[in-house]
Amino acid sequence: MATVHYLAWAIPAIGFVGTVRGLAGAFGMAGATGMDPATFAEQASSQLKIAFDCTMVALLLSLALMYLVHQVQRAEEMLVVNAQEYCQEHLLLRLYDPHHEPVA
């Protein structure tokens with residue numbers, strides 16, 4: 001489960017790396033000389049679209065993965081609780097008989 005938790009954390013981090021890359025590309029074009037404003041706006045908006053798409057995809061994947069992790073953990077916890085109850089009802093209570101008289 002530790003690897004799955006790490007991946008659930010890493011997916012948004014990778015998405016934010018894509019966001020930073022897109023923002024850097026958009027703002028990096030601001031320093032370019034000789035570019036007309038229409039071309040700059042078109043290329044900058046393209047870079048920003050990549051940036052925000054990376055973030056959205058990463059967050060949606062993270063939400064889906066965290067839901068699955070939650071379901072698996074819940075099922076695992078229920079299995080442990082059910083096993084404890086079974087042992088309590090069928091094993092431990094049979095080991096001790098309070099009505100049994102000791103043999104003298």
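The values are calculated or read from the model by the stated rules, or taken from the named source; none is laboratory data. Keep in mind the model is a prediction, meaning the values are calculated, not measured. So basically every Cβ, Gly included, is an ideal-geometry build from the backbone, and we count neighbours across all protein chains shown. In case anyone asks, the SASA skips ligands and DNA or RNA and just uses the protein heavy atoms, side chains included. Shrake-Rupley method; radii C 1.70, N 1.55, O 1.52, S 1.80 Å.
Remarks
- FRET efficiency for Q73 and L48, using Cβ-Cβ distance with R0 set to 30 Å, rounded to 0.05: 0.20
- Using R0 = 30 Å, the C-beta based FRET efficiency linking A41 and W9 works out to 0.25.
- Considering only A83, A58, A26, the mean-square fluctuation computed in a Gaussian network model of the chain, springs between alpha carbons under 10 angstrom, is largest for A83.
- Over the chain, accessible surface divided per residue gives 80 Å², non-protein components excluded, 1.4 Å probe.
- The chain: relative contact order as a whole-number percent, Cα under 8 Å and 6+ apart: 34 percent
- Listed values (i) 16, 43, 32, 9, 0; (ii) 13, 22, 16, 14, 11, 8, 6, 5, 3, 1, 0; (iii) 15, 48, 30, 6, 0, entry calculated as P(r) over Cα pairs in 10 Å bins from 0, in percent: (ii)
- Sorted largest first by accessible area at a 1.4 angstrom probe radius, with every protein chain in place, the residues L60, L65 fall in the order L60, L65.
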